[in-house]
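Read the structure below first, then the notes.
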Amino acid sequence: MTIIFKPTYSCNFRCKYCYLSNETKQQSQLLDVDFAKQIIMQLKLMLQESPRQKITIIWHGGEPMLWGIDNYREIWVYMQKELADYEIHNSMQTNLSLVNDEWIDLFLQYNVHLGFSLDGTQAIHDQQRVDIQGEPTFERIIANYRLCKQRGLRVGCIVVGSKKHIGHIPELYHFMRDEGMGFKFNPLFCSGEAHNNMDEYGITPEEYAQMAIELFDLWFYDQKGKITESNFVEIASNIATRKPTGCMFSENCQDNFLALAPTGDVMPCGRFCDNDLLQYSYGNLHKETLAEILLRIKKTEIYKRAEYIAQSGCAKCKWYNICHGGCLHDGFLASGDFRHKTFLCSAYKKIFTHIEKRLKESGIAGNNK
Amino acid sequence: MRNVTFAQTSILDRIDRIKRNYLHVSQYGDSLYDDYSDWVEYSESYDDYHDYLDGGSYLDNVQ
């Protein structure tokens, strides 16, 4: 199980497409570390009652490092003591701006892997990802990335594909390749602050498909490259095996993912963590235990989305078994109804078809015994 | 004939890893889609999956 743990929505960046609104970021408080410990104890109780022996905790925000290095030291020591019988893996999704040697020492000590965002070349990144003063951030982030890498920390990158990338996919790929930076190219979606900036940064599913296909070919045939594009590996292996992995295309992501908001709310996933979406909270840990909330999840309409999708037109689609209607939140964005299939449906059909064709041409699909 | 690229190797590794993690109940077939249709158990957790990939996969899709 993967738990997305958000100790704060506060952030020292003001990215143009942030899934959170600036109001939510400004109003957010830091999670009390003693309450975080109570949550860990509730996780322990859950693990004692379940066959699961392994949990990944993704520390996320806002900017999760704003919670402070002392809080992480305290909670990871506590977890090591209280969850010693279980395999716990910590990772963190950060903007990487606050990393220094002291943080890296702590990450290495607890084997914390980092994901961060860098939107490719400086010209594009600095338009999209600015700090709270509106200043560009590329130089700080690339310097900190190189420091992490030099120190032996595992770091992977997310590129948020926007209108600014149209016509610049080769530059993006070659930059990532030359940095040796594994990444995934995600399409910008319209949520939070992105609502206010769609004219300048938003892309259509068609534009996303075109960019993804161009990027796939650059990566797939590159004789020099030594980097992984995670989305493509996932989609290609999903196509070849018909066993989708990852949260986007699994039959029911709610079997494996949950998010804990700084308010104490248990949410369907990190994307639903926003003060404007509290109606989708499964319950609040200030009022109920995690076990009580988990017992209720399978009875909720959100959990039943997989059934709705299976009974919809999606079931007749060639790609149903490797897509399952796509991301729950993308379905919500499509229509305000989480039972809806992803708004990226038309893009996925093009991308899947293209990747399947390349797999067959290369012999990968036919020689996978 | 071109060499297999790093990207193609990454995909093949991933496919092999999924294959190893399924309990397979019959021989693999030849077609793209029939090969894996009767695998009955998937033992690889999402956590292994996240650990396997090194490309910003720790949180899938939040921007």
Reciprocal mean inverse distance between Cα atoms of region A:55-128 - Kirkwood radius, Å
13.5
On the first, second and third principal axes, largest extent first, how far apart are the outermost C-alpha atoms of region A:1-158 in Å?
51, 37, 26
Cβ density ranking, 10 Å radius, fewest first, applied to A:Lys224, A:Lys6, A:Lys243, A:Lys54 yields A:Lys224, A:Lys54, A:Lys243, A:Lys6
In what order do A:His89, A:His195, A:His324, A:His168 fall by count of nearby beta-carbon atoms within 10 Å, going from fewest to most?
A:His195, A:His168, A:His89, A:His324
So what J values fall out for region A:319-326 if you push phi through Karplus, 6.51 cos²θ - 1.76 cosθ + 1.60 with θ = phi - 60°, rounded to Hz, Gly and Pro as x?
9, 3, 5, 10, 10, 6, x, x
If we count every other residue with Cβ under 12 angstrom of A:Ser191's Cβ, Lys/Arg +1 and Asp/Glu -1, where does the sum land?
-3
Can you tell me, using C-alpha contacts under 8 Å and at least 6 residues apart, the relative contact order of region A:187-284 as a whole percent?
12
Cross-link partners of A:Lys149 among lysines (Cα-Cα below 28 Å; sequence separation of 8 or more within a chain):
A:Lys6, A:Lys16, A:Lys54, A:Lys164, A:Lys184, A:Lys224, A:Lys226
Averaging over every viewing direction, what projected area does the convex hull of the Cα atoms of chain A cover, in nm²?
18.2
Length gained when the stretch A:Ala291-A:Glu307 is fully extended (0.36 nm per residue, less Cα-Cα span):
3.4 nm
Restricting the calculation to Cα positions, tell me the Rg (one decimal) and the Dmax (whole number) of region A:182-297 in Å.
18.2, 56
Order by protection proxy (mean Cβ within 10 Å, highest first), peptides B:8-15, A:230-237, A:59-66, A:39-46:
A:230-237, A:59-66, B:8-15, A:39-46
Computed [θ] at 222 nm, deg cm²/dmol, chain A (DSSP H ≥ 4; -39,500 (n - 2.57); rounded to nearest 500)
-12500 deg cm²/dmol
Got the relative contact order for chain A handy, in percent, Cα pairs under 8 Å and 6 or more residues apart?
17
Which pairs in the list A:Lys25/A:Lys341; A:Lys44/A:Lys298; A:Lys318/A:Lys341 are over 24 Å apart, alpha-carbon to alpha-carbon?
A:Lys25/A:Lys341
Point-to-point label distance, A:Glu214-A:Glu87, nm (Cα→Cβ direction, 7 Å offset):
4.1
So, with +1 on the Cβ of K and R and -1 on the Cβ of D and E, and no other charges, what is the size of the charge dipole of the protein assembly as shown about its Cα centre, to the nearest 20 debye?
820
Just want the answer: with Cβ charges of +1 for Lys and Arg and -1 for Asp and Glu, which residue in A:Pro262, A:Thr353, A:Gly115 is farthest toward the dipole's positive end in chain A?
A:Thr353
At A:Asp126 and A:Asn22, where each label point lies 7 Å from the Cα along Cα→Cβ, what is the point-to-point distance in nanometres?
2.1
Taking neighbour counts of Cβ atoms within 10 Å as a proxy for exposure, in what order, fewest first, do A:Met248, A:Met198 appear?
A:Met198, A:Met248
For region A:265-279, Karplus-derived ³J(HN,Hα) couplings (6.51, -1.76, 1.60; θ = phi - 60°; whole Hz; x for glycine and proline) come out as 6, 9, 10, x, 6, x, 5, 7, 6, 7, 4, 7, 10, 5, 5
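Multiply the residue gap between A:Lys360 and A:Asn100 by 0.36 nm, knock off their C-alpha separation, and tell me the result in nm, one decimal place.
So the chain would gain 89.0 nm between A:Lys360 and A:Asn100.
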Obtain the nm distance between the two label points defined at A:Thr300 and A:Ile69 by a simple spin-label model: each point lies 7 Å from its Cα along the Cα-to-C-beta direction.
3.7
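Read-outs throughout are calculated quantities, based only on the coordinates presented, and are distinct from any laboratory measurement. Predicted model, so just to flag it, every value in this text is computed and none were measured. Every residue, glycine as well, gets a Cβ built from its backbone with ideal geometry; the counts of neighbours run over all protein chains shown.
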